[in-house]
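One structure is given here, and the rest of the page talks about it.
The values are calculated or read from the model by the stated rules, or taken from the named source; none is laboratory data. This one's a predicted model, so the numbers in the text were calculated from it and none came from an experiment. Here the Cβ is made from the backbone with ideal geometry for all residues, glycine too, and neighbour counts use every protein chain on show. Just so you know, the surface numbers come from the protein's heavy atoms only, side chains and all, with ligands and any DNA or RNA stripped out. Shrake-Rupley method; radii C 1.70, N 1.55, O 1.52, S 1.80 Å.
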Amino acid sequence: MDTAVAIDVRLARALREARHVAVLTGAGISAESGVPTFRDALTGLWATFDPRELATPAGFRRNPKLVWDWYAARREQLREVAPNPGHDALARLEARVPRFLLATQNVDGLHARAGSRRLVELHGNIARVRCSRERGRIVATWDEPADEPPRCPSCGAFLRPDVVWFEEDLPVDALVAAEDAARACDLMLVVGTSGEVYPAAALPQYAADAGACVVEVNPAPTPLSRIADHALRAPAGVALPALVRAAWGEDVMPA
Ligand code: OAD
């Protein structure tokens, strides 16, 4: 099926010869797993739900139960999904490249489940729950009251998902690692992101400024398209296996 994507031989060679590859992924890479994106006009989460109410500290203060329940429902939905060939191709790519970092904006944990290890989660992970007062306090089990979110066993503050909301800082270590990789890589793949949310959206520009080859994988153009040296206008689950195959041939595909 992935033979439908034409891969420029110069791109295949650039990937094969790259010593350092950085990857930025967004919600689009998980779309083929059945996880909704955020900004699709019809099916995106922000088309139906208000991010100010569900993805900001102020929204959580206004209605903690609504926010807790929304993330709990998404966490349940994610139990039903699995990595797709796009996630798998990035895990195979990692095994081929000496220096590699995958920075994802996704909170769904699918890259790790596909086998990616040199991975930073810029926006956290929805499967983790933490104290709303103390960022580093991860909580594994809790009692679920009917009318409010569970509370931190240590300080009594509400628990919340360990994701990054609008107006919040990204985890410093993850962001620094992603920025360093963007500035030092030979080639950067930008996969399934609208490029509208900063600071993640700045990473491809850092790579371009440092002279890296920037490759966008997205069926639709984005504000990042203008800095891309190559654009694969196909779903990630089709384009990424085709790209890895074009660079290394059939032997890279596991039986
Ligand atoms: P968006 O929903 O903004 O963008 C998804 C992108 O994926 C779009 O550009 C689509 O064209 C593209 N896309 C759709 N299907 C695809 C496929 N099969 N293969 C490849 N690309 C596909 O999602 P993000 O850019 O991830 O943050 O959004 C960034 C952040 O905004 C999220 O991490 C989240 C959100 O609000 C927070 O919640 C803080």
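Numerical summary
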| item | result |
| --- | --- |
| Kirkwood Rh (inverse of mean 1/r, distinct Cα pairs), region 104-159, angstrom | 12.7 |
| Taking all pairs of distinct alpha-carbon atoms in region 179-255, Kirkwood radius in angstrom | 13.0 |
| Value of Rg/Rh across region 72-218 [Cα atoms, Kirkwood radius] | 1.01 |
| log₁₀ of I(q)/I(0) at q = 0.12 Å⁻¹ - the chain, Debye sum with one point per alpha carbon | -0.70 |
| Value of relative contact order over region 1-80, rounded to a whole percent, pairs C-alpha under 8 Å and six or more apart | 11 |
| Max mean-square fluctuation residue, GNM over the chain, Cα-Cα springs under 10 Å, options Arg61, Arg245, Arg117 | Arg61 |
| Surface accessible to a 1.4 Å probe, per residue, for the residues of the chain, Å² | 47 |
| With every protein chain in place, the chain: carbon and sulfur % of accessible area (1.4 Å) | 52 |
| Semi-axis lengths (Å, descending) of the ellipsoid that matches the C-alpha gyration tensor of region 47-114 | 32, 14, 9 |
| Residue among Cys155, Cys131, Cys213 with the largest mean-square fluctuation in a Gaussian network model of the chain, springs linking Cα atoms under 10 Å | Cys155 |
| Relative contact order (%) - the chain, alpha-carbon pairs under 8 angstrom, separation at least six | 25 |
| Equivalent ellipsoid, region 1-107 (semi-axes from 5 times Cα gyration tensor eigenvalues, Å) | 35, 16, 13 |
| √(5λ) per eigenvalue of the Cα gyration tensor, region 157-213, largest first, Å | 26, 12, 9 |
| Relative contact order (%) - criterion: Cα under 8 Å, at least six apart; region: region 143-255 | 16 |
| Sparse-neighbourhood loop sites, GluC sites (Glu not before Pro) in region 101-178 - DSSP loop, at most 16 other Cβ within 10 angstrom | Glu134, Glu167, Glu168 |
